[in-house]
Every structure is written in C-alpha cells, then in structure tokens.
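Written below as structure tokens is the structure these notes are about.
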Protein chains: 2
Amino acid sequence: MKFEAVTIKDIARALGISTSTVSRALRDSYEISPETKQLVLDCAEKLNYRPNPIALSLKERRSRSIGVVVCEIANNFFSQVINGIESIAYDRGYNVIISQSRESYDREVIDLQYLASRSVDGLLISLSTETNDLSHLKALHAKGFPIVLFDRITEEINTHKVIVDNFRGAYDATEHLIRNGHTRIAALTNSEFLSITHERVAGYKEALIANGQEVNEDYIQHCFYGGMLFEEIEDAINKLFTQRNKPDAIFATSDKLTTGCLKTLKRRGLKVPDDVSVVGFSNTDIAELIDPPLTVVRQPAFEMGKDATELLLQLIESKRPIKDFEKRILTPELQIRESSFKKMAVTE
Amino acid sequence: MKFEAVTIKDIARALGISTSTVSRALRDSYEISPETKQLVLDCAEKLNYRPNPIALSLKERRSRSIGVVVCEIANNFFSQVINGIESIAYDRGYNVIISQSRESYDREVIDLQYLASRSVDGLLISLSTETNDLSHLKALHAKGFPIVLFDRITEEINTHKVIVDNFRGAYDATEHLIRNGHTRIAALTNSEFLSITHERVAGYKEALIANGQEVNEDYIQHCFYGGMLFEEIEDAINKLFTQRNKPDAIFATSDKLTTGCLKTLKRRGLKVPDDVSVVGFSNTDIAELIDPPLTVVRQPAFEMGKDATELLLQLIESKRPIKDFEKRILTPELQIRESSFKKMAVTE
DNA sequence: TTTATTTACGCAATCGTTCCCGATAACGAT
DNA sequence: ATCGTTATCGGGAACGATTGCGTAAATAAA
C-alpha cells in the first residue's frame with residue numbers, strides 16, 4: 001500500500017514558482033516578499049503540506065530523535081524513567097525511540113547498531129545484565145557519538161552519567177532492618193557485572209559492619225538475570241533457607257527481585273514479616289496494597305529520566321566536543337511499611 | 001557535536017570505483033565480478049560501513065518502522081502489548097516508535113501527525129480517553145495510511161481491529177460476584193467515549209439481568225480520565241458509599257481503576273472482601289501478592305500486540321489496497337482469588 | 001573477420017529539502 | 001546614461017543510497 005504525501009514541489013508547481021522560493025517562504029526568509037509568503041503559506045495549508053522529516057534528517061545529518069536502551073519497559077522503574085525522558089524530549093522537539101535489550105548482550109549490540117547508524121542523534125542507555133564487553137559502546141563513544149549512561153553504568157566510558165545513590169539506598173534499607181532487630185539479613189541481588197549490584201551490595205555490607213554485624217557471604221545470593229527467569233529466584237531463596245542459620249530478613253536489590261522474592265516466600269508458606277522480613281528496591285505504585293505493605297527503597301525514576309535527557313541534549317547540541325563530564329547522583333527514598341517489622345522486635 | 005559516519009562514497013573513493021558499483025557489490029548484484037565484490041566487502045568491513053537507513057527511507061519512501069500510540073506505557077497492560085508488538089516487528093525488520101498520548105486528545109493528534117508525516121509506515125493505536133473527534137485518524141486512513149486499532153477502538157474507521165471479548169470478561173467477572181452471593185454490585189469504569197467502557201458495562205449489565213438482578217445506574221461510576229487523576233476514583237468511591245444501599249462488591253474495568261479502587265478502600269478503612277468484594281480488569285503480575293489476593297480479568301496483552309502487528313504488517317506489505325478487514329477478538333481470563341469472596345457467602 | 005552477446009562497470013536521475021550562487025529588475029545616486 | 005544597491009526569485013548541487021540505461025571490452029558465434 002502506497003501513501004502519497006504532499007511535497008514542496010507540489011506547492012511550487014501549483015503556484016508556478018521554484019522549490020527554493022517555497023522552501024524559503026515556509027522558513028520565513030527575509031528574501032521572500034510578503035505576498036509570495038502568504039501565497040505559499042495558503043497553498044501549503046490548502047494542500048495540507050507536512051515537511052518530510054526524513055528528507056530533513058538526510059540534509060541536516062541529524063534526526064532530532066534520541067535512542068533509549070533499557071532491559072525492559074514492563075518494569076515500573078524503567079517506564080517511569082522513560083516518562084521522564086519523554087517529558088524533556090517532547091518539549092525540545094525530539095522524538096524518543098525505545099529499544100529493549102531484554103538483558104541480552106547480543107540484542108543490546110544490535111539495538112545500538114541500528115540506533116547509531118545515524119537514525120538517532122544520541123543515546124541513553126542502562127546496560128543489560130549480560131553486558132561485560134563494552135567495545136560496542138566504546139567504539140561509538142570514540143567516534144564522538146553522544147551517550148549518557150543511567151542506572152546501570154560503567155566507569156570504562158567517560159561521559160555524563162545519572163544514577164541514584166545506590167550505596168546509601170542499600171545502607172539505609174539494611175540499617176533499617178538492623179534497627180528493627182534483625183541479625184541475619186540476606187541480600188538477594190543481581191549479576192555481578194552490574195554497577196548497581198556492586199554499589200548496593202557495598203551499602204548493605206557497610207551497614208552491617210557499621211552496626212557490628214558480620215558479613216556472611218552465604219547470605220548474598222546473585223541472580224544473573226535479575227529475576228527474568230523465575231527459577232533463579234526460587235533457587236536463591238532455597239539456598240538461603242536450607243542453611244543452618246536461616247535469614248530473618250531479606251534485602252532485595254531490584255524491582256523484579258523484590259516481587260519475585262515475595263512470590264517465592266508466599267509459595268513456600270513463609271509469612272512476611274513474621275517468618276522473614278523483606279525490604280526491596282522497587283518503584284511499584286502499589287507497595288501499600290501488598291500483603292504486608294512493602295517497605296521499599298524508591299528511586300526518583302522520573303527525575304533520572306529528565307536529568308539524563310537534559311545532559312544528552314546538552315551533548316548533542318553543543319558546538320564543540322565536551323570534555324568535562326558530570327555524574328549526577330540522585331537520592332533514593334526509604335519508604336517504611338510493615339514488611340520490615342520483626343514481630344518480636346519490641347520484646348527483644 | 002557532529003558524528004561522521006562512513007558512506008558508500010568513502011568506499012568508492014578508497015577503491016577508485018563508482019558508488020554504483022559499491023552499492024551493487026554490497027547488494028550482491030550479478031553484475032559485479034566476484035573480485036570486485038570481495039574488494040568492496042573487505043573495504044566496507046575495514047571502514048566499518050553501515051548503510052544509512054535515513055537515505056534508504058527517502059529513496060524507498062518507507063522507513064521500515066511502525067508507530068504505536070497508547071495512553072501510557074507505565075501500565076502493565078500496555079507494556080505487555082508493546083512487548084508483543086516488538087516481538088513481531090523485530091523479527092520482520094521493523095523498528096517500533098512508541099508515543100504516549102497520556103489520555104490527551106491534543107497529544108494524540110500531535111503524535112499522529114508526527115508519526116504519519118512519513119516517518120512510519122503504519123500505525124497501531126489505542127485511543128485516548130479524550131478522543132471523541134476522529135477526524136485526525138479518518139484523514140490518515142482516507143489517504144490509505146495503514147492503521148490497526150487495538151483495545152480502545154472505534155467503529156467509525158474501517159480497518160483491522162484487535163480487542164478482547166470485553167463483554168464476556170465483564171460478564172464472567174460480574175457473574176462470579178453474583179455466584180458468590182453479592183447482590184449490590186457496583187461498576188467503576190472509564191469514560192463513556194471509550195469502546196471498552198461500553199462493552200464492559202454491557203457485559204456487567206447483562207450478567208446482572210441474566211441472573212435476575214436489577215441494574216442500578218447509581219452503582220455505575222465513570223472516571224473520565226480512568227484513574228490518571230486519583231481524586232476521580234476517590235470521588236467515585238465516595239458516591240458509591242454515601243448511598244443508602246452501599247455496594248457489597250465493586251467491579252473495576254481497568255488496571256488503574258482496580259488499583260486506585262483498592263487504595264481508596266484501604267484508606268477509608270474498608271476491608272476487602274469482608275466489607276466489599278473487588279474484581280477488576282488488571283494485568284499486574286503481582287495480583288497474588290495483594291492483600292487480599294486479587295481476582296482479576298486478565299487480558300492476553302502480549303497476544304494482542306502480536307496480532308495487531310501481524311495485521312498491520314499485512315496492510316503495509318500488501319501490493320493492493322485491502323478491502324476486507326478483520327476484527328480479532330481474543331479471550332480474557334478470569335483469575336479467581338480471594339478478593340471476590342463474600343465472607344458469609346456459604347451461610348447465605 | 002565480422003557480428004552478436006555477455007560481462008562489468010559508470011553516468012545520472014531520483015527521493016524531499018536546504019542553501020550557496022547567480023540572475024533579473026527596479027531604483028536612486030552620480 | 002551608467003553604476004551600485006536592494007529586493008526577489010530560480011538554478012542546481014548536496015545529503016546517501018539505489019537503479020535504469022548506456023557502453024567499452026572481452027568473448028562467442030557466424
């Protein structure tokens with residue numbers, strides 16, 4: 001099925017003038033007489049002319065669109081980030097193209113390749129869990145392609161970055177559990193490839209140490225695919241609860257891990273918080289509806305999207321190469337509810 | 001910041017041949033000798049040549065991308081639909097561009113305009129709640145632009161459509177409440193502009209009538225923005241519970257309405273299902289974690305995205321205009337949990 | 001040897017738009 | 001009458017890639 005659009009030529013032909021004149025009239029150039037301008041404008045209106053953004057992109061060597069790569073959009077955190085991205089991009093006349101890596105390195109590479117081959121002017125990316133080799137990003141970055149990293153970042157690439165204070169979020173969550181009388185706090189976390197894993201586990205460990213508790217490596221369970229595969233979480237929970245000293249609390253470091261953890265506990269018949277308390281990173285908007293209401297570390301996802309986009313547009317629209325890069329660290333919020341309260345905490 | 005890419009000309013210059021030869025060599029044309037082909041291929045590899053999709057789009061008058069317009073992606077149902085869309089589009093070499101109308105008619109019009117001005121080959125759309133005037137869609141459709149409607153559709157446009165059996169979903173949900181002893185079932189629903197509202201309310205009413213209950217219009221509350229504004233839901237619940245005969249069950253017809261309803265009930269101190277039962281359309285993946293576990297009508301969202309995309313690609317790639325349009329009706333699933341069980345149901 | 005055919009490549013138009021150059025006419029200044 | 005300005009517009013190249021057509025050389029057929 002063909003779809004024919006009105007071009008600048010149609011207007012030129014209809015008015016018996018050249019395309020240059022039409023183009024200039026539409027762009028309100030001083031070289032065109034007011035009468036001709038009006039003629040062109042009226043004709044364009046009548047024919048319902050719309051400039052062809054593709055032709056423009058080719059000419060101007062820019063597409064006025066930015067690419068976003070996240071592992072999946074069916075995730076509260078990322079969809080909120082995307083809302084933040086769009087809120088800025090939309091105002092500045094940029095189009096947003098979203099790709100999902102689905103935690104796959106291969107898909108991430110393919111997505112990047114497509115986006116970068118000149119169809120987008122810049123890139124916002126949160127790395128996939130499988131991504132260890134960064135050569136695809138480095139190659140782009142070396143060519144001067146504008147990139148801003150957010151959430152799951154890497155220090156190997158020198159550019160703008162936006163993250164939350166993962167260390168602090170994890171520290172606060174863990175300390176909260178400690179203050180509520182928990183002494184055997186486990187961590188359910190993502191792949192060791194990810195920056196967020198390091199930062200959050202570090203915060204968890206530091207909180208334990210600062211409060212005189214020992215770090216027990218058996219209590220730290222990594223889920224490589226971060227809960228994309230449900231069995232991962234079941235296995236991890238299994239390992240935690242087949243130990244001699246079963247944990248009395250679980251700190252889950254991502255949205256999917258948190259909900260996956262709760263599901264597994266429920267299916268195993270473990271009561272939260274009576275048998276085990278739970279705190280998790282999560283941006284779900286129904287934490288209060290969960291049984292029990294869930295204590296969460298909530299990230300300012302919308303803000304993160306906004307900030308990352310502002311930084312990216314700054315890179316894109318800058319005349320000269322930028323050398324000084326910024327790392328914005330936003331503050332997460334610990335929202336305390338019932339899932340983290342030990343039953344006997346008071347009497348202990 | 002400029003980003004220079006390697007073009008077919010660079011290869012031609014490097015090899016001292018014409019661009020036509022390079023182009024044909026890359027496309028493996030029979031007119032090019034094996035030796036030249038190899039030379040070109042090697043050179044392209046060495047320079048890391050990537051074809052410019054924008055130039056191709058201009059030439060072929062197609063962008064190999066499709067546009068998607070939904071009200072918001074931070075919604076389980078729509079993000080699952082998008083996953084379905086991408087699963088097909090990706091395999092067929094199409095890029096997906098997502099726009100959010102945020103339930104605004106104006107944004108829907110703007111989104112459409114941008115997408116349609118030749119940057120996409122076709123469109124998948126679920127109408128915004130404000131959309132009453134369809135002239136923007138009709139104009140595009142009249143020009144032969146491929147459009148597939150899904151979820152929130154309209155009969156005013158003759159094209160492929162994909163929906164779930166909303167009538168049946170609502171009927172089943174309502175009948176389930178009736179069988180559990182409820183006699184005062186309220187409906188919390190969307191704008192009357194939306195097709196899904198009509199169909200779901202119709203199913204609700206029919207179930208009441210078929211089971212010998214009366215339809216009480218005071219029990220039907222419309223939220224124009226479908227819960228985007230939280231006060232809407234609070235007002236609606238208020239109206240329901242300030243009546244003489246307070247409802248003993250609520251049937252919510254969308255994801256946001258369902259969770260919004262639960263939040264409001266909780267804040268008012270109403271217990272589910274003791275004080276009032278709740279059943280709702282929802283595609284949340286943590287229905288089982290909610291207190292109480294939520295009975296939902298779940299839509300095959302992924303399937304819907306897949307089907308709609310298949311139909312759209314069929315429209316796009318068809319040689320002649322298609323006259324015979326299909327309306328696919330998928331089957332929703334009632335997942336029964338505890339939120340719909342009246343406490344005294346057994347003894348009644 | 002002459003003619004026909006095949007092989008292998010280049011030229012140039014094209015897609016829609018912009019923009020650098022000219023080009024023309026009108027007009028005032030010299 | 002001639003020149004420089006200004007206002008207004010058109011021609012045509014360019015962006016990157018594809019492709020119909022033309023053509024030279026090489027080969028095969030006569």
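The values are calculated or read from the model by the stated rules, or taken from the named source; none is laboratory data. Every value quoted in this text rests on a predicted model; they were computed, and no experiment measured them. Please note: Cβ atoms are built from the backbone with ideal geometry, for glycine as well, and neighbour counts cover all protein chains shown.
Of the conditions (1) within 12 Å of DNA strand D (Cβ to nearest atom); (2) at pLDDT 95 or above, A:VAL69 clears all except one; give me its number.
(1)
Which of (1) in contact (Cβ under 8 Å) with a residue 12 or more places away in the chain; (2) near DNA strand D (Cβ under 7 Å from one of its atoms); (3) over 40 Å from the mean Cα position of the chain (by Cα) is the odd one out, the single condition A:VAL40 does not satisfy?
(2)
Exactly one condition in (1) touching a residue at least 12 places away in the same chain (Cβ under 8 Å); (2) within 28 Å of B:ARG61 (Cα to Cα) is not met by A:LYS59; state its number.
That leaves (1) as the condition not met.
Hand me the list of helices (runs of 4 or more DSSP H) wholly inside segment B:14-116 holding 1 or more residues that are at positive phi and within 13 Å of DNA strand C (Cβ to nearest atom).
The helices (runs of 4 or more DSSP H) meeting that bar number zero.
Would segment A:101-114 turn up any residue that is at the interface with chain B (Cβ under 8 Å from one of its Cβ atoms), without any contact (Cβ under 8 Å) to a residue 24 or more places away in the chain and in contact with a strand residue (DSSP E or B) (Cβ under 8 Å, 6 or more places away or on another chain)?
yes
How many of the residues in segment A:115-150 are charged (D, E, K, R) and more than 11 Å from chain B (Cβ to nearest Cβ)?
The number of residues fulfilling the criteria is 3.
Select from segment B:6-65 the residues that are among the polar types (S, T, N, Q), out of contact with any Asp or Glu (no Cβ under 7 Å at 6 or more places or on another chain) and within 14 Å of chain A (Cβ to nearest Cβ) and list them in ascending order.
Within segment B:6-65, B:THR7, B:ASN48, B:ASN52, B:SER57 qualify.
Suppose the filter is away from chain A (no Cβ under 14 Å) and either part of a strand (DSSP E or B) or in contact (Cβ under 8 Å) with a residue 40 or more places away in the chain (or both); does B:ASP307 pass it?
Yes; evaluated as a whole, the condition is true for this residue.
Return the only residue of B:GLU72, B:GLU108, B:GLU86 being in contact with a His (Cβ under 9 Å, 6 or more places away or on another chain) and closer than 24 Å to A:GLY305 by Cβ.
None of the others qualify; the one that does is B:GLU108.
Within segment A:142-153, work out how many residues are out of contact with any Lys or Arg (no Cβ under 6 Å at 6 or more places or on another chain) and crowded, with 18+ Cβ neighbours inside 10 Å.
Of the residues in that region, 7 qualify.
Give the residues of segment A:117-139 that are in a loop (DSSP other than H, G, I, E, B) and either more than 16 Å from DNA strand D (Cβ to nearest atom) or of a type in the set (A, V, I, L, M) (or both), sorted by residue number.
A:VAL120, A:SER126, A:LEU127, A:SER128, A:THR129, A:GLU130, A:THR131, A:ASN132, A:ASP133, A:LEU134
Being within 14 Å of chain A (Cβ to nearest Cβ) and over 20 Å from B:ASN216 (Cβ atoms) is the filter here; which residues of segment B:230-253 pass it?
Scanning segment B:230-253 gives a single hit, B:PHE230.
Determine which single condition A:SER87 fails, assuming it passes every other condition in (1) more than 12 Å from every other protein chain (Cβ to nearest Cβ); (2) surrounded by fewer than 19 Cβ atoms within 10 Å (Cβ to Cβ); (3) closer than 25 Å to A:ASP255 by Cβ.
With respect to (1) more than 12 Å from every other protein chain (Cβ to nearest Cβ); (2) surrounded by fewer than 19 Cβ atoms within 10 Å (Cβ to Cβ); (3) closer than 25 Å to A:ASP255 by Cβ, A:SER87 is out only on (1).
Starting from residues that are near DNA strand D (Cβ under 7 Å from one of its atoms) and among the small types (Gly, Ala, Ser), keep the ones in segment A:17-37 and report whichever is farthest from A:GLU103 (Cα to Cα).
Residue satisfying both the conditions and the ranking: A:SER33.
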